[in-house]
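Colleague: Below is the structure I would like to discuss, written out as structure tokens.
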């Protein structure tokens, strides 16, 4: 079922499957709810109520203008308000890439709202800030600096009709079936909607500006039981980002998948689903 929910001053488009305890799936860049196409039916069939929103700025959700509209506190508040709008006080929260960054912050700053936390190839923000100071991670994150430029990133990405995005999704995964041509076209069309590309890039711009301005809030220890699933062949995020996580997460499980990349939930969906469901346990209210 798809519908719209108004939260925190923005209209979010959501996809909802199943009944039971709430699971919220948060996608990353440059995807939308369809990033979870393999997880939605599997988790619903297991007895969960699974909701995958288009994050603000993406696909059919509202696209407020201005970099300030994509600051992390607002993105976290969107998820908090969404959980409440769905009639719940807490949820199992799952995040990949930027969705994972939001999920880490939600678990740190609204711990009572996160029953369990599942992260897929998304760095703990404090570990990322430490690692970005190294040459190896700085080289992997070159695009973050490029995205800070006004207009030029949009022009470069749009110049070839989003062909660069298609090339990236065809060549980066280790498993060719991760993104078929229909999925690639759907992602290109979603990002080509008026305002969508700038909104997506504004996630990086707002995050970088907050960092430069020293506005990043110190994060407390993550209290929710946490599962980190990591495709080891991620060209953007080094394995070093997993080091020391046990000092920041009270109850941590890490599952490394050697034959997967950044797009782990699309590359090996059955394996990821099995790991997630084992960690989530039997549905209960």
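The values are calculated or read from the model by the stated rules, or taken from the named source; none is laboratory data. Just so we're clear, the structure is a prediction, and the values are computed from it rather than from any experiment. Methodologically, a virtual Cβ is constructed for each residue, glycine included, from the backbone with ideal geometry; neighbour enumeration extends over all protein chains shown.
Colleague: Out of 115, 205, 168, which single residue is assigned to a helix (DSSP H, G or I) and in contact (Cβ under 8 Å) with a residue 40 or more places away in the chain?
Modeller: 205
Colleague: Any idea how many residues of the range 178-200 are in contact (Cβ under 8 Å) with a residue 24 or more places away in the chain and at negative phi?
Modeller: Here is the first cut: in the range 178-200, the ones in contact (Cβ under 8 Å) with a residue 24 or more places away in the chain are 178-179, 183, 186-188, 190-200.
Subsequent filtering for residues that are at negative phi retains 178-179, 183, 186-188, 190-194, 196-200.
Summing the residues that are in contact (Cβ under 8 Å) with a residue 24 or more places away in the chain and at negative phi in the range 178-200 gives 16.
Per-residue answers, yes or no, for (1) modelled with pLDDT under 95; (2) within 30 Å of residue 148 (Cβ to Cβ); (3) not in a strand (DSSP E or B):
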position	(1), (2), (3)
11	no, yes, no
20	no, no, yes
34	no, yes, yes
44	no, no, yes
50	no, no, no
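Colleague: Quick one: count up the residues across the range 165-195 that are touching a helix residue (DSSP H, G or I) at 6+ places or on another chain (Cβ under 9 Å) and surrounded by 14 or more Cβ atoms within 10 Å (Cβ to Cβ).
Modeller: 18
Colleague: Within the range 234-272, work out how many residues are more than 18 Å from the chain's Cα centre (by Cα), closer than 23 Å to residue 179 by Cα and part of a loop (DSSP other than H, G, I, E, B).
Modeller: Looking only at that region, the number is 2.
Colleague: Can I ask one more? What is the residue count in the range 130-157 for residues that are touching a helix residue (DSSP H, G or I) at 6+ places or on another chain (Cβ under 7 Å) and part of a helix (DSSP H, G or I)?
Modeller: Looking only at that region, the number is 7.
Colleague: Moving on to the next point. Could you tell me whether residue 77 is more than 24 Å from residue 163 (Cα to Cα), surrounded by fewer than 24 Cβ atoms within 10 Å (Cβ to Cβ), in contact (Cβ under 8 Å) with a residue 40 or more places away in the chain and touching a strand residue (DSSP E or B) at 6+ places or on another chain (Cβ under 6 Å)?
Modeller: When the stated conditions are applied, residue 77 does not pass them.
Colleague: Going residue by residue through the range 95-105, is there one that turns out to be modelled with pLDDT under 95, over 16 Å from residue 225 (Cα atoms), in contact with a helix residue (DSSP H, G or I) (Cβ under 8 Å, 6 or more places away or on another chain) and outside any helix (DSSP H, G or I)?
Modeller: First pass over the range 95-105, keeping only residues modelled with pLDDT under 95: none.
No, because not a single residue in the range 95-105 is modelled with pLDDT under 95, over 16 Å from residue 225 (Cα atoms), in contact with a helix residue (DSSP H, G or I) (Cβ under 8 Å, 6 or more places away or on another chain) and outside any helix (DSSP H, G or I).
Matching residues to (1) under 24 Å from residue 267 (Cα atoms); (2) modelled with pLDDT of 95 or more; (3) within 20 Å of the chain's Cα centre (by Cα):
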| residue | (1), (2), (3) |
| --- | --- |
| 177 | yes, no, no |
| 191 | yes, yes, yes |
| 195 | no, yes, yes |
| 200 | yes, yes, yes |
| 203 | no, yes, yes |
| 208 | no, no, yes |
| 214 | no, no, no |
| 220 | no, no, no |
| 224 | no, yes, yes |
